[in-house]
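The block underneath contains the structure these notes are about, expressed in structure tokens.
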Amino acid sequence: MKRVWGLSEFAQAEQFLLKCRNIAYDSLKTRKIIVKSSISARFVREYVTQTPCSSSSQTVWSSIISQFLDKCGTRSAESKADKYLREKASELREEILSHKDAMEGIERVLKEKGVSLFRRYTDGSAVVELLTQLKSFPVLALEVFEWRRKQLDYASPMTAEEYTKGVVIAGRLKNVALAVELFKEASNKQLKSTSLYNALMSVYSYNGLAMKCQSLFRELKSISTCTPSIITYNILISAFGRLMLVDHMDATLREIRNQNLSPTVATYKALIAGYITAWMWDEMDKAYLIMKEGSPKPDLDIHLLMLRGYANSGKLEQMEQMYEMVRNHVNHKEFPLIRVMICAYCRSTDVARVEKVEELLRLIPDNEYRPWLNVILICLYAKQDLLEQMEDSINEAFERNAYVTTTRAMRCIISSYFRQNAVDKLAVFLRRAQHAGWKVCRSLYHCKMVMYSSQMRLAEMERVLDEMDQVNMHCSKKTFWILYKAYQKYGQRSKLEQVVGQMFKHGYRGPLT
């Protein structure tokens, strides 16, 4: 007959296991294993013999101790086996990479050095480890997986973990059809698992197929042999977040709580990313506050997300506070975030925004150049009437064959030239902009005409009309009014009458003379 443990014995056993676990962790930190330490072993024996308990309890304690010591004793052997597997997979990976341009060479390497390794690990762990190490080379990883699928499956049947890895790789290559094919193949072999469903759900999410992701989630819930995990719900929230389906995100979060699952950092990461995508800044702040005051605590990824959110929302004070927390990481690795911060300053009214922008610009290497950022900088300098900096940015854009495609940006540039009364520089800019294929608008020519007129350079003002003809830009009512005002100001009576005649000819109402 099996003995029923008393509550006191369970309490004593729990306390003992906690103490033993702490001993084991301390030993691992100092690179010692408890079973190899005579002192630790002696401590365990003395602890057992000195603790008052009944004979039946002593039997229970002995059983617990033996199981604990057995697990500690096998830890070293397991770690050696894992290390061996990683080393062999790494060697095979290097061989494959050396033949990455020839599929025949890869197949030869797999046959000569891969078959023996794969057959040694019948649980598929060797294949999974190799595919993991080929993560940065998804095309090669898929070729290895397909070779495994076609060449060895008859001798060593594929496992659910291998199929899961294959589905993930197909998803990274945006090959949704192949991912679905692999999922169905695994299902037909009765290899359905939560991880397999998670893999295909992540493929759907990654490729913007949120509704298919939700449909697969419902299928998973209907299967008795599989249960959705917190990872499943995280994928679902991420899928909804990409499509700004905030109501679906919140409903999924409520279901997590109803299932008594604990949200992870990944859960909040998906939530906050969704709120940022939907520009729901208050909800973003609430989610972050929940993490700060509870558990789990925000990690680096969460802080980077919040930095992006504060920058996009224009909350410069919070953005700068968050930047101080992650400055070292951002300055060396997160150049996209630096660009987002620059855009935030450019949109703001901060009195020191130019200085702050230039400080951030120095952190971006030359190979991280982005044409759109160059245009934003041109407009920033133009609004601040920093003509020299503006022209430096314009020259950089010309040198890198970047071009402006919006009338708004061009008007911003010419307005700066106008306020500085720099008509000659404007003329040079206009010629270069035409040659480079930038957006050319009538306002450019009108601005030149007004500026020439203000300096009594009427002949050059008239030549602007020829420039307009060369780009098939006809005179508008505003063009005639600029000419009329110029000739009227300088007493050019005959030319004034010609302009009035042209206005009537084109159907415009002329001035009263």
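For segment 409-447, name all the residues that are of a type in the set (D, E, K, R), within 25 Å of F480 (Cβ to Cβ) and in contact with a Phe, Trp or Tyr (Cβ under 9 Å, 6 or more places away or on another chain).
K439
Scan segment 413-434 residue by residue and report those that are closer than 19 Å to L380 by Cα and small (G, A, S).
S415, S416, A422, A433
Starting from residues that are within 19 Å of the chain's Cα centre (by Cα) and among the β-branched types (V, I, T), keep the ones in segment 226-244 and report whichever is farthest from W281 (Cα to Cα).
I231
Of everything in segment 159-177, what is over 16 Å from L216 (Cα atoms) and assigned to a helix (DSSP H, G or I)? Give them in sequence order.
A160, E161, E162, Y163, K165, G166, I169, A170, R172
Of the residues that sit in segment 381-405 and are of a type in the set (A, V, I, L, M) and buried (at least 17 other Cβ atoms within 10 Å of the Cβ), which one is nearest to Q434 (Cα to Cα)?
Among those that are of a type in the set (A, V, I, L, M) and buried (at least 17 other Cβ atoms within 10 Å of the Cβ), it is V404.
Take the residues of segment 204-225 that are aliphatic (A, V, I, L, M) and under 26 Å from the mean Cα position of the chain (by Cα): which is modelled with the highest pLDDT?
This residue is L216.
Take the conditions polar (S, T, N, Q) and farther than 30 Å from R442 by Cβ and apply them to N328. Does it pass?
Answer is yes for this residue.
Can you pull out every residue in segment 452-503 that is of a type in the set (D, E) and closer than 21 Å to C441 by Cβ?
Once the filter is applied, which keeps residues that are of a type in the set (D, E) and closer than 21 Å to C441 by Cβ, segment 452-503 yields E460, E462, D466, E467, D469.
When you go through (1) within 22 Å of N260 (Cβ to Cβ); (2) over 21 Å from the mean Cα position of the chain (by Cα) one by one for M201, which number turns out not to apply?
Just one mismatch for M201, condition (2).
Looking only at segment 478-513, how many residues end up being under 12 Å from V450 (Cα atoms), among the hydrophobic types (A, V, I, L, M, F, W, C) and touching a helix residue (DSSP H, G or I) at 6+ places or on another chain (Cβ under 6 Å)?
Summing the residues that are under 12 Å from V450 (Cα atoms), among the hydrophobic types (A, V, I, L, M, F, W, C) and touching a helix residue (DSSP H, G or I) at 6+ places or on another chain (Cβ under 6 Å) in segment 478-513 gives 4.
Which one of these is under 24 Å from K83 (Cβ atoms) and either at pLDDT below 90 or out of contact with any helix residue (DSSP H, G or I) (no Cβ under 8 Å at 6 or more places or on another chain) (or both): E95, E129?
E95
Given the options K221, K184, name the one that is surrounded by fewer than 18 Cβ atoms within 10 Å (Cβ to Cβ), in contact with a Pro (Cβ under 8 Å, 6 or more places away or on another chain) and outside any loop (DSSP other than H, G, I, E, B).
Only one candidate qualifies: K221.
Looking only at residues that are in contact with a helix residue (DSSP H, G or I) (Cβ under 7 Å, 6 or more places away or on another chain) and β-branched (V, I, T) in segment 422-463, which one is modelled with the lowest pLDDT?
If we take residues in segment 422-463 being in contact with a helix residue (DSSP H, G or I) (Cβ under 7 Å, 6 or more places away or on another chain) and β-branched (V, I, T), then V440 is modelled with the lowest pLDDT.
With the condition being surrounded by fewer than 19 Cβ atoms within 10 Å (Cβ to Cβ), in contact with a Ser or Thr (Cβ under 9 Å, 6 or more places away or on another chain) and at pLDDT below 95, I'd like the helices (runs of 4 or more DSSP H) fully within segment 306-380 carrying at least 2 qualifying residues.
Answer list for segment 306-380: none.
Residue-by-condition table, conditions (1) modelled with pLDDT of 95 or more; (2) crowded, with 16+ Cβ neighbours inside 10 Å; (3) not assigned by TED's automatic domain parsing to the domain that holds S125; (4) not basic (K, R):
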| residue | (1), (2), (3), (4) |
| --- | --- |
| W147 | no, yes, no, yes |
| K150 | no, no, no, no |
| D153 | no, no, no, yes |
| S156 | no, yes, no, yes |
| A160 | no, yes, no, yes |
| L191 | no, yes, no, yes |
| N198 | yes, yes, no, yes |
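Quick check on segment 108-119. Is at least one of its residues surrounded by fewer than 18 Cβ atoms within 10 Å (Cβ to Cβ), in a loop (DSSP other than H, G, I, E, B) and at pLDDT 85 or above?
no
Restricting attention to segment 120-145, and to residues there that are without any contact (Cβ under 8 Å) to a residue 12 or more places away in the chain and under 18 Å from G166 (Cβ atoms), which single residue is surrounded by the fewest Cβ atoms within 10 Å (Cβ to Cβ)?
Only one residue fits best here, namely S136.
Given (1) in a helix (DSSP H, G or I); (2) on the phi > 0 side of the Ramachandran plot, where does N260 come up short, assuming only one miss?
Failed condition: (1).
If you go through segment 224-253, how many residues are in a loop (DSSP other than H, G, I, E, B) and loosely packed, with under 14 Cβ neighbours inside 10 Å?
Final tally of qualifying residues: 3.
Working only within segment 259-269, note down all residues that are crowded, with 20+ Cβ neighbours inside 10 Å and either of a type in the set (S, T, Y) or in contact with a strand residue (DSSP E or B) (Cβ under 9 Å, 6 or more places away or on another chain) (or both).
Across segment 259-269, the qualifying residues are T267, Y268.
Report the residue count in segment 470-488 for those that are outside any loop (DSSP other than H, G, I, E, B), at pLDDT 90 or above and not β-branched (V, I, T).
Residues meeting the conditions: 10.
Just checking, which of I256, I272, I276 is crowded, with 19+ Cβ neighbours inside 10 Å, over 24 Å from K333 (Cα atoms) and in contact (Cβ under 8 Å) with a residue 24 or more places away in the chain?
Criteria check complete, one pass: I256.
The values are calculated or read from the model by the stated rules, or taken from the named source; none is laboratory data. Every value quoted in this text rests on a predicted model; they were computed, and no experiment measured them. When we count neighbours, we look across all protein chains shown, and the Cβ atoms used for this are built from the backbone with ideal geometry, even at glycine.
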